[in-house]
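Contents: one structure, followed by commentary.
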Amino acid sequence: MKIPSPCFVLEESKLIQNLKLIDSVQKKAGIEIILAFKGFSMWSAFPWVKQYVKGATASSLNEVILCNEEMGVKSHTYCVAYGADEFKEIVANSSHITFNSLSQYHQFIDQVPSEVSVGLRVNPEWSDVETDLYNPSSPVSRLGISSKHLENLPDRVEGLHFHVLCESDSHALENVLKSFEEKFGHFLPKMKWVNMGGGHLMTRQGYDTDHLIQLLTNFRKKHGVHVILEPGSAFAWQTGDLHTSILDVVDNGGKKTAIFDGSFTCHMPDCLEMPYRPKLENGSEKKVEGWHPYRLGGVSCLAGDFLDDYWFEEPLKVGDAIVFKDMIHYTMVKTSTFNGVKHPSIGILKENGEFQLIKTFGYQDFKSRLS
Ligand SMILES: Cc1ncc(COP(=O)(O)O)c(C=O)c1O
């Protein structure tokens, strides 16, 4: 079957390769790794995910329900703030519930059944993340309680959670652990578990998984706690692309723009927010002498929905394919239908080379989000 355009295409073999690596880390380190849905919730792939990891972390009621329905287990749940109208349903479907503040703990703790394990998110105030948009470790961050505001732990707390990394290596985690132990280590003898959040990009080439395993093993033994990691990106890292095609080429004021049937703001918002420049399968994000430069323009009406310049060996023409690499984590989950822009289809490239179309989107999907 031909891949439609636009379409997110997940490659089965690449996902399985990541899952195997993640599973070997959790086994060798004697820890538990769960999937952060916020980074990857393509549930048609969960039958594979479930073969390697037992659970997932949810950050909203919708993700809690998805975990119960499609992973078949209650979720580890952490929401930045719980709403009183949703808390009952969230806690009934969670195995772990983590609060972001003491005020939320006190507001909801009476509604938490005894079998649900309670945690607090703390801020170790160390991170290697240089982009402020992705750095939750500032002393004034709204995410997590800082040590100066946590003199004593409330009775029901049996776990501590932190999340301060993003596409980081194991040496960054080592530094976070030093800061975490300095600031919160005195609570650890009373804790059953420590959740070290996400941002552990163990599936990136060159990541020192042996060092990670060593670190986690040492921490687990030293403190006698169950260790949980909840990466999102690491699961879907380089597992697939966004396939698009060119609808028009315009030349205004000497700037050639290739307009494709997708959009940065609707389908790849991180390219504008972070910002970053994705690689292409069939072009270069860096200048190549003798190649043809084009601005790539999205099909939305946002004036800034473009990335400057990409280089192509041959002049571009209507119908040419533009394939944006590594567009599965944090892209599919962040899309919108702003402008009514056509939502990319979702498909899987199977191990045997066959393409399986999972879902296409149309007018009803656009309409059902509005009224
Ligand atoms: C609390 C928490 N856990 C886990 C993750 C997953 O992080 P990553 O996808 O970078 O591994 C995030 C990402 O924002 C997060 O906020």
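The values are calculated or read from the model by the stated rules, or taken from the named source; none is laboratory data. What you see is a predicted model, and the numbers here were worked out from it, not measured in a lab. Here Cβ is always computed from backbone atoms with ideal geometry, including for glycine, and neighbour counts include all displayed protein chains.
Structure above, values below:
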item: Subset of the range 1-15 that is in a helix (DSSP H, G or I) and not charged (D, E, K, R) - its residue that is surrounded by the most Cβ atoms within 10 Å (Cβ to Cβ); result: Leu15
item: Subset of the range 68-87 [free of Cβ contacts under 8 Å to residues at least 60 places away in the same chain, in contact with a Ser or Thr (Cβ under 9 Å, 6 or more places away or on another chain) and within 19 Å of Phe99 (Cα to Cα)]; result: Lys74, Ser75, Thr77, Cys79, Ala81, Glu86
item: Every residue from the range 16-46 that is in a helix (DSSP H, G or I) and away from the ligand (no atom under 15 Å from the Cβ); result: Ile16, Gln17, Lys20, Asp23, Ser24, Lys27, Lys28, Ala29, Trp43, Ser44, Ala45, Phe46
item: Filter pass, Val91 being among the β-branched types (Val, Ile, Thr) and surrounded by fewer than 22 Cβ atoms within 10 Å (Cβ to Cβ); result: yes
item: Total residues in the range 286-301, condition closer than 27 Å to Thr337 by Cβ, touching an Asp or Glu at 6+ places or on another chain (Cβ under 9 Å) and of a type outside the set (Val, Ile, Thr); result: 5
item: Answer residue from the range 56-86, given it is of a type in the set (S, T, N, Q) and part of a helix (DSSP H, G or I) and is farthest from the ligand (Cβ to nearest atom) among those; result: Asn68
item: Test result for Thr217, more than 23 Å from the chain's Cα centre (by Cα), of a type in the set (S, T, N, Q) and closer than 29 Å to Leu160 by Cα; result: yes
item: First in the range 133-148 and under 8 Å from Val122 (Cα atoms), second anywhere and away from the ligand (no atom under 11 Å from the Cβ), Cβ under 6 Å, 6 or more apart; result: Gly144/Val122; Gly144/Asn123; Ile145/Val122; Ser146/Asn123; Ser147/Lys183
item: Unique residue being hydrophobic (A, V, I, L, M, F, W, C), part of a loop (DSSP other than H, G, I, E, B), surrounded by 14 or more Cβ atoms within 10 Å (Cβ to Cβ) and on the phi < 0 side of the Ramachandran plot when the list is Val299, Val323; result: Val299
item: Single condition Glu313 does not satisfy, out of (1) over 13 Å from Ala258 (Cβ atoms); (2) surrounded by 14 or more Cβ atoms within 10 Å (Cβ to Cβ); result: (2)
item: Flag if Ala258 is out of contact with any Cys (no Cβ under 8 Å at 6 or more places or on another chain), of a type in the set (A, V, I, L, M, F, W, C) and closer than 29 Å to Arg204 by Cβ; result: no
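Residues checked against (1) closer than 19 Å to Ser168 by Cα; (2) surrounded by 17 or more Cβ atoms within 10 Å (Cβ to Cβ); (3) not assigned by TED's automatic domain parsing to the domain that holds Pro136:
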{"residue": "Phe184", "(1), (2), (3)": "no, yes, no"}
{"residue": "Leu188", "(1), (2), (3)": "no, no, no"}
{"residue": "Asn195", "(1), (2), (3)": "yes, yes, no"}
{"residue": "Met202", "(1), (2), (3)": "yes, yes, no"}
{"residue": "Leu216", "(1), (2), (3)": "yes, yes, no"}
{"residue": "Arg220", "(1), (2), (3)": "no, no, no"}
{"residue": "Gly224", "(1), (2), (3)": "no, no, no"}
{"residue": "Gly232", "(1), (2), (3)": "yes, yes, no"}
